[in-house]
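Here the structure comes first, spelled out in structure tokens, and everything after it is commentary.
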Amino acid sequence: MIINEIFKSIQGESTHMGRPCVFIRTTGCNLRCSWCDTEYAFHEGTEMSVEEIRGKVEEYDCTLVELTGGEPLLQPEVYRLIGLLLDEGREVLVETSGSLPIEELDPRAVVIMDIKCPGSGMARSMCWENIDHLRPRDEVKFVIADQDDYLFAKETCLVFRLFQRCPVLFAPAFGKLSPRSLAEWILQDSLPVRLQIQLHKYIWDPSMRGV
């Protein structure tokens, strides 16, 4: 596998926000979202075996692990890595763009699937069949850059009955939409979603890597 970085930090997103977590960031992404904050992961990385990755994870005293990117599902060996981490008794989160099929993922893993809004420039990339494979423990995330994105996210949730499927996360695009504006829209419409900010960017400098 080509790995961009492995580090331990505070989980800044999802319903697991605030928990210590080991992040495995893979190299490579098939999308180019307008608000992407990890462009360095498009190409930078080091080739590592699955066993080397497991060994690095074991150096940290932490049972929660997240595979992120880039797009982790681009690398076929990720499926074996996820299975081995789960076999060791770890909780495994898989953050994916939603553009690639998720049905082959180990059912013990938790999928955190983005649905790209128009402001990302990648809304047409979505593999909509993935919604049929979501389970109650999985999560769906919308990164929202403006009110048009918010309306798109709300309509998508209603059309696909996402509120009845799993937790839904609405996140303001950092530096583009204020958390307050998004919070006010959510409250006005009484949406059963979780407002999430990128907590790590409020703890550390937003430009820092490895946090």
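Work out the length of the dipole vector of the chain about its Cα centre, built from +1 on the beta-carbon of each Lys and Arg and -1 on the beta-carbon of each Asp and Glu, and round it to the nearest 20 debye.
With only Lys, Arg, Asp and Glu charged at Cβ, the dipole is about 560 debye.
Placing +1 on the Cβ of each Lys and Arg and -1 on the Cβ of each Asp and Glu in the chain, which of Val78, Tyr60, Ile203 has its Cα farthest towards the positive end of the resulting dipole?
Working it through, the farthest residue towards the positive pole turns out to be Ile203.
Given the C-alpha centroids of region 150-211 and region 50-69, what is the distance between them in whole angstrom?
Computed from Cα coordinates, the inter-centre distance equals 27 Å.
If amide hydrogens are placed 1.01 Å from N in the peptide plane, which non-local residues have theirs closer than 5 Å to the one on Asn4?
Arg25, Thr26, Thr27, Thr46
Kindly write out, for region 176-188 in residue order, the coupling ³J(HN,Hα) from the Karplus curve 6.51 cos²θ - 1.76 cosθ + 1.60 (θ = phi - 60°), rounded to whole Hz, with x marking Gly and Pro.
10, 9, 6, x, 4, 4, 5, 4, 5, 5, 4, 5, 4
If you look at just the Cα atoms of region 2-203, how large are its Rg and its Dmax in Å?
In order Rg, Dmax, the Cα atoms of region 2-203 give 16.3, 49 Å.
If you take every residue apart from Asp106 with its C-beta less than 10 Å away from the C-beta of Asp106, what net charge results, scoring Lys and Arg +1 and Asp and Glu -1?
0
Where a number appears in this text, it was derived from the coordinates with a stated rule and is not lab data. Note that the structure is predicted; figures quoted are calculated from it, not measured. Backbone-built Cβ (ideal geometry, glycine too); neighbour counts: all protein chains shown.
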